[in-house]
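Notes for the one structure printed next.
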Amino acid sequence: MSNTEAAIHAHAGALVEASPYAIPSRKLTMWLFIISDAITFGALLFGYGYLRAASSDWPTPFKLTPSILNVMIMTVVLITSSLTMLGAVDSAKLGDKPKTARFLWSTILLGVVFAGLHIREWIGLMDEGVRLFQNPWGSPLFGATFFSITGLHLLHVISGVVAIVVISRGFSRGRLTAGHVETVGLYWHFVDLVWMFVVPIVYLLNISR
Amino acid sequence: MAASGASKNVIARYLPVYFVLLGISALEVFIAYQHFATGSLLAILLGLAVCGGALAVMYFMHLAQESRSLFLTLIPATIFVLLMMNMIWSDSFRLLHMRPFAR
């Protein structure tokens, strides 16, 4: 390297500002996305609460079987997928590609199982006559709020599964790094976090007695 | 082998958090079937959900291991925005009873 090139490199290095939070920019970006998404889900859940509190005939259709039991299984599946994702992130940081792939594909499988159970729950409710703006029991807005909130969460799960497939293939082929696995892991844990609020507010407050 | 052992360790390290999260979920279902008033039930379930969410953020998402400045930038702002959304409730209850606003 010539003296001129060395001087240019040194100058460019001096211009690069250190990360304010001591984390890579992609991770910070994911955190900012997660915060904005948390507020989106917060707004949806508050909107749901507004409508529920303002309606005297809000339906309480969820029976222990199949709905609540199904939701409990979905919760176990999603929390377990967070655990396998932790294993994937750790293995990726250690550079163990086969183990990372196994953990990531376990997470994908659990995500697909969750989505399947979710769709089964929807089909069960639709068989009972629940539609976006009508249902056999009471306030017609029940379906709109239920399908909006759980649908947005399901969309996040499906997006997460697709993202993990892409990251898994990229990491196995050496195109992506452990940082990418960690970033998609953050997203996946967030999906798990949202579900922890959806279950009590949307399902458990509306159980059939 | 070293990598494999370390991965097993991370699973073992987070198993207590995993079981606490499962326990919180089971407790929520149990409480939902007790005969609480809706307001009390909502408060209890939300409290448990916040505990579970905090565990997930701090340990699964590793926010506890990040710099304090990241925590202080993200969490108070989020809580502030979510708390500000609570101003809708009085209107919601007014709608339920169809009471006009006081003049």
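Each value in this text was obtained by applying a stated rule to the coordinates, not by laboratory testing. Keep in mind that what you see is a predicted model, and the values were worked out from it rather than measured. Glycine gets a Cβ as well: all are built from the backbone with ideal geometry, and neighbour counts include every protein chain shown.
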Report summary line: Compactness summary of the protein assembly as shown: radius of gyration and Dmax from Cα atoms, Å, are 22.4, 81
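How do the peptides B:55-61, A:186-192, A:27-33 rank, highest first, by the average count of neighbouring beta carbon atoms within 10 Å per residue?
Working: B:55-61: 21.1, A:186-192: 23.7, A:27-33: 16.7.
Order by mean packing, descending: A:186-192, B:55-61, A:27-33.
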Report task. Given the options A:R175, A:R26, A:R102, state which has the largest fluctuation in a GNM of chain A using a 10 Å cut-off (strictly under) for Cα springs. Result -> A:R175
**Report entry** Positive dipole terminus of the protein assembly as shown, leading residue within A:L154, A:L117, A:S36 (C-beta point charges)
**Finding:** A:L117
Query raised in the report: Once label points are set 7 Å from the Cα along Cα→Cβ at both B:A26 and B:M98, what is their separation, rounded to one decimal in nm?
Result: 4.7 nm
Query - Cα long-axis angle, helix A:3-15 against chain A (0 to 90 degrees, to the nearest 10) - result: 30 degrees
Query raised in the report: Using only the Cα atoms of the stretch A:50-133, what do you get for the radius of gyration and for Dmax, in Å?
Result: 18.1, 57
Report summary line: Full extension between A:T29 and A:T60 adds, at 0.36 nm per residue less the Cα distance, a length in nm of 7.2 nm
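Restricting things to Cα coordinates, could you compute the convex hull volume per residue of the stretch A:14-78 in Å³? Provide the component values of the computation, followed by the final result.
Numbers: hull volume 7.7 nm³, N = 65.
Taking only Cα atoms, the stretch A:14-78 has a hull volume of 118 Å³ per residue.
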Query - Unit charges at the beta carbon, dipole of the protein assembly as shown: most positive-side option, A:A88, B:L48, B:A32 - result: A:A88
Query raised in the report: Under Stokes-Einstein, with the Kirkwood radius over Cα pairs standing in for Rh, what whole-number D in µm²/s applies to the stretch A:23-206 at 4 °C and 1.567 mPa s?
Result: 74 µm²/s
Query raised in the report: Listing A:E128, A:E121, A:E182 from the residue with the fewest other Cβ atoms within 10 Å to the one with the most, what is the order?
Result: A:E128, A:E121, A:E182
Query raised in the report: Which shape class applies to the stretch B:2-97: rounded if a/c is under 1.5, otherwise prolate when a/b exceeds b/c and oblate if not, where a ≥ b ≥ c are the square roots of the Cα gyration tensor eigenvalues?
Result: oblate
Query raised in the report: Under the Karplus relation 6.51 cos²θ - 1.76 cosθ + 1.60, θ = phi - 60°, what is the ordered set of whole-Hz ³J(HN,Hα) values for the stretch A:31-48, x standing for Gly and Pro?
Result: 4, 5, 4, 4, 5, 5, 5, 4, 5, 4, 5, x, 4, 4, 5, 5, x, 4
Query raised in the report: What is the helix-to-structure angle for A:178-198, meaning the angle in degrees between its Cα long axis and the longest Cα principal axis of chain A, kept from 0 to 90 and rounded to the nearest 10?
Result: 20 degrees
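Quantify how strongly other chains surround peptide A:47-58 by giving the mean number of their Cβ atoms within 10 Å of each of its Cβ atoms.
Numbers: counts 3, 0, 6, 7, 2, 4, 10, 10, 3, 3, 0, 1.
For peptide A:47-58, the averaged partner shielding equals 4.
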Query raised in the report: Taking the Cα centre of the protein assembly as shown as origin and charging only Cβ (+1 Lys, Arg; -1 Asp, Glu), how large is the dipole, in debye to the nearest 20?
Result: 220 debye
Report task. Please identify the helices of chain B, taking whole runs of DSSP H, that span at least 20 Å along their own axis as judged from the Cα atoms and have a mean Kyte-Doolittle score of 1.6 or higher. Result -> B:38-55, B:68-84
Query raised in the report: Relative to the longest principal axis of chain A, what angle (0 to 90°, nearest 10) does the C-alpha long axis of helix A:97-127 take?
Result: 20 degrees
Report summary line: Under 5 Å from the placed amide H of A:R131, counting only residues 5+ away or on other chains, we find none
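Counting only other chains, and only Cβ atoms inside 10 Å, what mean value do you get across the residues of B:30-40?
Numbers: counts 0, 2, 10, 5, 0, 1, 0, 0, 5, 1, 0.
Mean number of neighbouring Cβ atoms from other chains: 2.
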**Report entry** Estimated inter-spin distance, A:D127 and B:S69, nm [label 7 Å along Cα→Cβ]
**Finding:** 5.6 nm
Requested in this report: Under a cut-off of 18 Å between alpha-carbon atoms, report the aspartates and glutamates in cross-link reach of A:K97, not counting same-chain residues fewer than 8 places apart.
Outcome: A:E182
